[in-house]
Every structure is written in structure tokens, then in C-alpha cells.
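The values are calculated or read from the model by the stated rules, or taken from the named source; none is laboratory data. Worth saying up front: this structure is predicted, and the values here are computed from it rather than measured. Cβ: placed from backbone, ideal geometry, glycine included. Neighbour counts: every protein chain shown.
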Amino acid sequence: MPEQRQTIVTTFRLSLEERAALDASADAAGVGPSSYARRAVMAAVGRAGAVRRKPDGAAKAIGAALGDLGRIGNNINQLARHAHVGGRVPAEALAAVRQELAQLTTAVLSVRLERPR
């Protein structure tokens, strides 16, 4: 059976203490408070479902690097397109792209991947 997307939003009120407890429990489970509350409700009605975990530091860093890589790739594509139609690509533009790639490489290499436990 294909996974269904959640499309209905349900809200409920909590005291500050209840919200703090929810946040702490969700954090300990490695998920956000909404996912944690949804899982608890689904378990209470006998329908436990899959819950996505919060991305860890490595996943966030990889996501940021992929975003940067996409932006740099777009810049290179624009320079290449300009050159293919007979335009001149300034040396400064190429140097800027090289610098961005060097910074991205340094950022990627500095990320420590967490070992699975």
C-alpha cells in the first residue's frame, strides 16, 4: 500500500510544562515534537506509522553542501552558455567559481560523519 501524505493539520494546547516534556521526549527519540505527538496518537488508536527522524549534523551539512553545489553548478552553466555563444568569460568570474568550489570542498571535508551505533 503506498504511503499517504498527511494533509490535515490538527492543533492542541499544552501548558509550558507539558510542551517542555513533549520537546524533551521528542528530542530523546530523535524526532520533532509534531512527529512524536503524531506517533503517540497513532499508537493510542492502534495505527503506528513510520516517522521521519530529525536530520543529524552530517545530514544538515550534506544538504547545505548540495545546495551550494547546485548554485555553483548554475553559475558554471551560465558562464559556459555565455562562452558558447561567443561571449568572453572574465577571468574574475572563473576565479570566483574556483574559490567557491575550494570553500565547498573545505566545508565538506571538515564534516565529521557520525558513526552508527
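Annotation: residue 65 fulfils all but one of (1) more than 30 Å from residue 9 (Cβ to Cβ); (2) modelled with pLDDT of 85 or more; the unmet one is (2). Checked against (1) over 30 Å from residue 7 (Cβ atoms); (2) at pLDDT 80 or above, residue 39 passes all but a single condition, namely (1). Looking only at residues in the range 101-117 that are within 11 Å of residue 65 (Cα to Cα) and touching a helix residue (DSSP H, G or I) at 6+ places or on another chain (Cβ under 9 Å), which one is modelled with the lowest pLDDT? Across the range 101-117, the extreme among qualifying residues is 111.
Any residue in the range 74-95 that is out of contact with any helix residue (DSSP H, G or I) (no Cβ under 9 Å at 6 or more places or on another chain), at pLDDT 80 or above, in the same structural domain as residue 25 (by TED's automatic domain parsing) and surrounded by fewer than 11 Cβ atoms within 10 Å (Cβ to Cβ)? So far as the range 74-95 goes, no, none of its residues is out of contact with any helix residue (DSSP H, G or I) (no Cβ under 9 Å at 6 or more places or on another chain), at pLDDT 80 or above, in the same structural domain as residue 25 (by TED's automatic domain parsing) and surrounded by fewer than 11 Cβ atoms within 10 Å (Cβ to Cβ).
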